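Only one structure is covered here, and it is reproduced in the block below.
Derivation of every value follows stated rules applied to the coordinates shown; laboratory data play no part. Quick caveat, the model's predicted, so the values are computed rather than measured. Cβ placement follows ideal geometry from the backbone for every residue including glycine, while neighbour counts extend to all protein chains displayed.
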Amino acid sequence: MASVTIRPAPARPLAGRLVASAVLLFLLVFPAIASDYEVGLLGKFLVFGIFALSLDLIWGFSGVVNFGHAIFFGAGAYAMGILLKALPFAGATYLAMLGGVLFPALLALVMGYFLFYGRVSGVFFGVVTLALTGAAHSIIIVNGSLTGGMNGLYGYPEPKLGIPGLWEISWYDANVSYYTAVIGSVGCLAFSRWLVKSDFGRAIGAIRENEDRAAFLGYDVPQIKLIIFTIACAMAGLSGVLYVPIGFISPDLIGIAMSASVLVWVAVGGRGTLIGAFIGALLVNYLQTLLSDAFVVLWLLLVGLFFILVVLFWPGGIVGLARHESLRAWLRKRGLVA
Amino acid sequence: MEPVLIQLLNGLSIATILILVSLGLAVIFGMLGIINLAHGEFFMLGAYCVATATAWGVSPWWGIAAAPIVVGLVGMAAQQTIIKPLYRRPLDTLLATWGLSIVIRQVVRLIYGSGQMMAGSLITGSTHIFGFGYPTYRLFIILVTAAIVALTFLLYFRSDFGLRIRMVIANRSMAGALGVNTQSTDLWAFGIAAAMVGFAGAIMSPLVVINPEMGLEYLSRAFIVVIIGGIGHLYGVIAGGVAFGGAEAALSFYLRPVVAQILVVLIAVVLIRVRPQGLTGGSRG
């Protein structure tokens, strides 16, 4: 196992609470000070942050590396799009959203049943999920009449929020999609924090540290893994749902490249830290937007190199560095943290 | 009769290449306990060796000769720099080699561009077996694979080096205490495995689409072969390869190739649930 022990987040000190409030305030007023393009961009990055957070729940907290996490992101987006197309009446958006969360959850339940009860764990789980990503990508392309094949899914009615029939607002509106991303991010982060601190979260941690010992203590290891996997994949589906108003539904969402990207975001931000998922997703995507237009190939090369370096020398990622003992001691001396 | 025989040969042809690709993977996993996600890229590099030879206007056979050396050296460099420090962290090796695969793909893109490359044909024409023609080159691949598998088994079970490998697998620290240089054994085992898959890429190059992404497809299939065959057994690779290749060829007879490939992966997942120890394994772990 990794030589890094992931400590529970410290009980929120004053500095932490101040930073959190400042970030939230900034997110709320951002549309007032930025252009529509920038608002759309930040909204998209936040959605990717939720996606990364859902991976961190299983990778960082239960030690299961999912190389096929994009399957569930894509499944959420596709389920949403297909349902929007199939249900052309007011209020259908909510049903489509529900489908976009439940379908990936169901998929995860079936896939997880075979893998966890088949005792596929550790590196093998990564490998099998990688193969399944390839299969999922092919399934999307083969079922062209339902999914639009290579061209992606389009032509579905505009998703609308609000009160059906009375007061409806378009989800395509830059501010609406941005604020749904903000609400989703805060909600998912709060939910994840609650989950990992609950008794169930402790059981997950026990499995990550020593699977055999946890089983010996009477925990049903495959069942617990299946539950956390399903929750995480439902959250990935939700991020896919929130992505629909701001992006295109294309087979790329399910590709191996997308699964790799989300691993990189979590690793860079700091696995097992929850907030690191957002920091990683925001940072990597922001840099990518800055640089990629000019150097697509070189950018990916740098991402790969950086990923290797993070794994080799810096397993805690950015947040791990921020929580480093020497930095904490420095802050403590100045009375900034408890 | 004829379609059945052709399907049998097709199945054998898929199986041999899967075996060739998976063999190195199985050795590396069995020995170092790590999974090399850059394995597919080593395959791709092998194919690019032949494509480069073709582009330079020299005989593609030079490419085939160069592939094991070039890819073997790349593998040894990777072993020294990113795999050795991560011995005790198998999950992190998975990630680091994944990063390596991204780097290799992008370096190839920088040098050759994203487009497809061509490999010159090596052996053309067809040979008559039991009264019908089958491409000679595919028969050649089947024979070469059989030879390499035999060689690997000889190396593994009959040579001093194979003995050292098996000692390291059985008990790393004890092997070290008995005077086996485990580090150089690791290095050479990794190098040989990389050379093997590089060679596989090279001899497959005239039959496949050569582009920087090609390795990914073979990577996941090779892993499925190793897992359904039974991890930790060299002959499990052969069982897995034959089962996988046979299933794919049989299903391709009735269905579109893409659908057949999806089905095989799904069947494999169900198989893992039913027989977690693989086809050949008695018990795992």
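Under the convention that each Lys and Arg Cβ holds +1 and each Asp and Glu Cβ holds -1, the size of the dipole of region A:1-142 around its Cα centre is about 300 debye. Excluding same-chain neighbours fewer than eight residues apart, the aspartates and glutamates reachable from residue A:44 by a Cα-Cα span under 13 Å are A:36. Arranged from fewest to most other beta-carbon atoms within 10 Å of their beta carbon, A:333, A:160 become A:333, A:160. Put a dot 7 Å past the Cα of residue A:142, heading toward its Cβ, do the same for residue A:197, and the two dots end up 4.7 nm apart.
With the cut-off at 27 Å, report for region A:173-293 the share of all Cα pairs above it, as a whole percent. Summing the P(r) tail past 27 Å for region A:173-293 gives 27 percent. Taking 31 Å as the cut-off for C-alpha to C-alpha distance, list the pairs among A:197/A:333; A:160/A:197; A:333/B:84 that go past it. The pairs that break the limit, which is 31 Å between Cα atoms, are A:160/A:197; A:333/B:84.
Remark: the protein assembly as shown carries a charge dipole of roughly 1620 debye about the Cα centre, counting +1 on each Lys and Arg Cβ and -1 on each Asp and Glu Cβ. Reported to the nearest whole Å, the Cα centre-to-centre distance from region A:19-70 to region A:227-267 is 12. Region B:31-45 and region B:214-280 have Cα centres separated by 18 Å.
Subtracting the Cα-Cα distance of residue A:252 and residue A:24 from their residue separation scaled by 0.36 nm leaves 79.0 nm. Long hydrophobic helices in chain B: the complete DSSP H runs spanning 18 Å or more by Cα along their own axis with mean Kyte-Doolittle hydropathy of at least -1.0 are B:2-32, B:39-55, B:60-78, B:90-112, B:136-158, B:182-204, B:214-229, B:234-254, B:257-274. Both radii were evaluated on the Cα set of region A:37-102; the Rg over Rh quotient, with Rh as the Kirkwood radius, amounts to 1.07. Pairs of alpha carbons in region B:95-159 separated by more than 16 Å make up 71% of all such pairs.
Extent along the principal axes, Cα only, for the protein assembly as shown: 77, 61, 51 Å, with the longest axis given first. Relative to one another, the C-alpha centroids of region B:111-180 and region A:298-324 are positioned 36 Å apart. If the segment from residue B:128 to residue B:77 were pulled out straight at 0.36 nm per residue, it would be longer than the present Cα-Cα gap by 13.9 nm. Treating r as the C-beta distance of residue A:314 and residue A:168 and R0 as 45 Å, the FRET efficiency rounds to 0.40. Cβ crowding within 10 Å ranks A:37, A:243 as A:37, A:243, fewest other Cβ atoms first.
Evaluated on region A:35-255, the Kirkwood hydrodynamic radius is 18.0 Å, with distances taken between all distinct Cα atoms.
Phi angles of region A:161-177 translate, via the Karplus equation with coefficients 6.51, -1.76, 1.60 and θ = phi - 60°, into HN-Hα couplings of 10, x, 9, x, x, 10, 9, 10, 10, 6, 6, 6, 4, 4, 5, 4, 5 Hz per residue; Gly and Pro are given as x. Computed on the Cα trace of chain B, the radius of gyration divided by the Kirkwood hydrodynamic radius gives Rg/Rh = 0.97.
Taking only C-alpha pairs under 8 Å that are 6+ residues apart, what is the relative contact order of chain A in percent?
On the way: 484 pairs, mean separation 109.2, N = 338.
Relative contact order here is 32 percent.
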